[in-house]
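In what follows, a structure is listed as structure tokens, so that the remarks can point back to it.
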Amino acid sequence: MGNIIILDESISSKIAAGEVIERPASAVKELVENSIDAGAETISVEIKKGGVSFIKVSDNGRGIEADDVERAFERHSTSKIKSVDDLDYISTFGFRGEALASIASVSTIQMTTRTRNSPLGMYIELHAGKVAEKRQTGCAEGTSIIVKDLFFNTPARYKFLKKDSTEARYVSDIIERIALGNPHISFSLTVNGVNLLHTPGNGDLKSAIFSIYGKETVQGICEINYKDSMVRITGYAGRPEIARASRNHQSIFINRRYVRSKIITSAIDEAYKTMLMKNKYPFIVINVEINPLLVDVNTHPAKMEVRFSNEQEIYRSVYHAVSDAILGKQRVFADTFDDLKNVQNDVDIKSAGKTETPHEYSQMKLYEYSESESESESEIQAAAEAIKAMTINAMTIKEEGSHEGSYHEETAGQELPIARILPHSRLVGQAFSTYIIFQTGEKLVILDQHAAHERIIYEKLKRKFYKGEPLAQSLAAPVVLELSHKELDFLNEHKEIFLNLGFIYEDFGNNSIVLRSIPFLTYEAKDIDVRSLFLDALDTMINFDGTKYSEVADETLYQIACKAAVKANKNMSELEIRALLNDLGNIENPFTCPHGRPITVEIEKHELEKMFKRIV
Ligand code: ADP
Ligand code: MG
């Protein structure tokens, strides 16, 4: 007896019908998802002419029993839903029991399939949904489906198709996404006889990313590994350097199905908020594992947009998962912590004493190493070695042994953020009174003093602001400012935000106020223009169209940081530079200024050697 049943009316009417097959890529998606559902380990896809004339999807899955081959092509036939209760559980996965029927009705289909237990397989051929041939055949275990002349009997749909090359791109896009969502399955894609994609299927997502996007991308990504009471979130998030001008390199999966989700996308954006320039989008592959009951059923199948019953919590979890990953929180800090403990025993450096977090501990150890360099020859050697060991260790990708890991030999993997290494690098000097140059390992690092300082001040202000700690620093000479009615009204309405930001003022009559304090860090900047600091903050608040309190405050904090930060074209003493680095090593995000410009750029030694033709 076969497994496939025909859904009764009460169930099928509950299923969002909709037209599933819009173009070759949607047919490929349905066929490949069937192969995945059939437990395949290897899935190969071949298309010709953008998939319009020819699509072949072959898998080594469990196959279809002889009794069922015809039934598989009937509408609302599925082996995956048995009762109404099941619907809630599986609706996220797109089991609608209509894909094969839909594809068959607009094409010629040939299918060969064999289950493990039957010595012979079945061949079936359908024209426009009508069975034309059905017989036993010898074939490999699994299922192979050929779709020919898609939309031959629906000229309107056919006309709507784009150029073959464009349709082929849609197909390869969908295969890439599915491959990223299923790293334990080996996918291959052949277009017009040329193999375009082959993933190893070794269960390792990084290997799949390597096969699809290449070495540079793999070198620029950080692992996402997050869990709370509701979700488990895994994947990889790209560093700002590999961000792109579109969202094409973003793949979101819910329980391994590729989806679109506004809430997840905006949580990702928020995590990268101060790290990217406008119109830049981070690389991301993210899988959210969640109880299917918490994912909303009533969604459009073709658009793949999902909803969650608890959007706020999902938003928060994704935000934390991603920002932890890009700030290197779990990986760098945790690994470094352990590595340092070992190194410490080996080298016998004085105990660091008690500290609160692994991060602080590792920071302190790093400084200790740099200090110990002055002590003795052998200690210099040991401490330098220790830092190197730690850095290399952080660079080595963690997962070992569990897979064949084809990328290991080819890519270096993740590094310790450069800002955390700089305090131990050789200071070469300052150039153009704007850039500070360091030599570390095999590269030169050039740091933009303004961008770095801006980020430091922004983070310090932000930390205090959100903790509700006082930011105000009294002015020796209060400043009187004349304002418009509109501005005064706004100030009265938003007095609290200004107060929290460190601006303390009183009404001074005659449409004016007297400003008695400004945010504390700005006071250090001797040449700061208090008047414009306040007025610009006011303008920002008035004009900013963000509705959220935190957005308005953030924008104002950026601006204050920018004003207070050391300018370009300013000479800095070595002492000042060291202080800057010290601060930079201690902040959460040492990668970009609050507006997303990079803080450092790097030039590899071998690039210089190339320039000088020492190597070719
Ligand atoms: P659904 O996937 O929603 O169940 P489909 O029309 O896509 O509906 O497929 C109908 C049925 O055909 C599936 O439930 C499954 O039992 C069977 N089937 C389709 N493709 C395969 C395959 N590659 N391997 C094994 N069984 C398959
Ligand atoms: Mg299906």
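Run Glu454 past the list (1) outside any helix (DSSP H, G or I); (2) modelled with pLDDT of 90 or more and report the number of the one that doesn't hold.
Of the numbered conditions (1) outside any helix (DSSP H, G or I); (2) modelled with pLDDT of 90 or more, the odd one out for Glu454 is (1).
Pull out all pairs, ordered by first then second residue, where Cβ-Cβ is under 7 Å, the residues are six or more apart or on different chains, the first lies in segment 131-152 and is under 27 Å from Gly50 (Cβ atoms) and among the acidic types (Asp, Glu), and the second is more than 16 Å from ligand 2 (Cβ to nearest atom) and part of a loop (DSSP other than H, G, I, E, B).
Asp149/Ser53
Do you know which residues across segment 101-140 are among the small types (Gly, Ala, Ser), away from ligand 2 (no atom under 16 Å from the Cβ) and not in a loop (DSSP other than H, G, I, E, B)?
Across segment 101-140, the qualifying residues are Gly121, Ala132.
Restricting segment 30-50 to residues that are outside any loop (DSSP other than H, G, I, E, B) and of a type in the set (Gly, Ala, Ser), which is nearest to ligand 1 (Cβ to nearest atom)?
Top of the filtered list is Ser35.
Say we look at segment 164-210 and pick out the residues that are closer than 23 Å to Lys48 by Cβ and among the hydroxyl-bearing types (Ser, Thr, Tyr); which of these is surrounded by the most Cβ atoms within 10 Å (Cβ to Cβ)?
Thr199
Glu496 fails exactly one of the following numbered conditions: (1) surrounded by 15 or more Cβ atoms within 10 Å (Cβ to Cβ); (2) within 19 Å of Gln559 (Cβ to Cβ). What is the number of that condition?
Condition (1) is where Glu496 drops out.
Given the conditions (1) of a type outside the set (Lys, Arg); (2) at pLDDT below 90; (3) under 20 Å from Val52 (Cα atoms), report the number of the one that Thr108 does not fulfil.
Every listed condition holds for Thr108 apart from (2).
Within segment 540-560, is there a residue that is more than 34 Å from the chain's Cα centre (by Cα), of a type outside the set (Lys, Arg) and modelled with pLDDT of 85 or more?
The answer is no, given that none of the residues of segment 540-560 is more than 34 Å from the chain's Cα centre (by Cα), of a type outside the set (Lys, Arg) and modelled with pLDDT of 85 or more.
State yes or no: is Leu327 under 25 Å from Ala208 (Cβ atoms), in contact with a Cys (Cβ under 9 Å, 6 or more places away or on another chain) and either modelled with pLDDT of 80 or more or surrounded by fewer than 22 Cβ atoms within 10 Å (Cβ to Cβ) (or both)?
It is true that Leu327 is under 25 Å from Ala208 (Cβ atoms), in contact with a Cys (Cβ under 9 Å, 6 or more places away or on another chain) and either modelled with pLDDT of 80 or more or surrounded by fewer than 22 Cβ atoms within 10 Å (Cβ to Cβ) (or both).
Out of the residues in segment 51-67 meeting the condition of being over 17 Å from Ala179 (Cβ atoms) and part of a loop (DSSP other than H, G, I, E, B), tell me which one is nearest to ligand 2 (Cβ to nearest atom).
Per the criteria, the residue is Ile64.
For segment 80-95, check the following and say yes or no: at least one residue is more than 10 Å from ligand 1 (Cβ to nearest atom), more than 21 Å from Leu294 (Cα to Cα) and either at pLDDT 95 or above or part of a loop (DSSP other than H, G, I, E, B) (or both).
Checked segment 80-95: no residue is more than 10 Å from ligand 1 (Cβ to nearest atom), more than 21 Å from Leu294 (Cα to Cα) and either at pLDDT 95 or above or part of a loop (DSSP other than H, G, I, E, B) (or both).
For segment 504-513, check the following and say yes or no: at least one residue is under 19 Å from Leu535 (Cα atoms), in contact with a Phe, Trp or Tyr (Cβ under 9 Å, 6 or more places away or on another chain), part of a strand (DSSP E or B) and aliphatic (A, V, I, L, M).
Checking segment 504-513: at least one residue is under 19 Å from Leu535 (Cα atoms), in contact with a Phe, Trp or Tyr (Cβ under 9 Å, 6 or more places away or on another chain), part of a strand (DSSP E or B) and aliphatic (A, V, I, L, M).
When residues of segment 243-300 are filtered for being assigned to a strand (DSSP E or B), under 21 Å from Gln219 (Cα atoms) and touching an Asp or Glu at 6+ places or on another chain (Cβ under 9 Å), how many remain?
The qualifying residues number 2.
For Thr115, all conditions in the list (1) β-branched (Val, Ile, Thr); (2) at pLDDT 95 or above; (3) away from ligand 1 (no atom under 13 Å from the Cβ) hold save one; what is the number of the exception?
(3)
Return the residues of segment 154-163 that are outside any helix (DSSP H, G or I) and surrounded by 15 or more Cβ atoms within 10 Å (Cβ to Cβ); say none if nothing qualifies.
Listed by number, the residues that qualify are Thr154, Leu161.
For Glu98, indicate whether it is within 16 Å of ligand 2 (Cβ to nearest atom) and among the charged types (D, E, K, R).
It is true that Glu98 is within 16 Å of ligand 2 (Cβ to nearest atom) and among the charged types (D, E, K, R).
The values are calculated or read from the model by the stated rules, or taken from the named source; none is laboratory data. On a predicted model such as this, the values are computed, not experimentally measured, just so you know. Note that each Cβ is placed from the backbone with ideal geometry, even for glycine, and that neighbours are counted across all protein chains shown.
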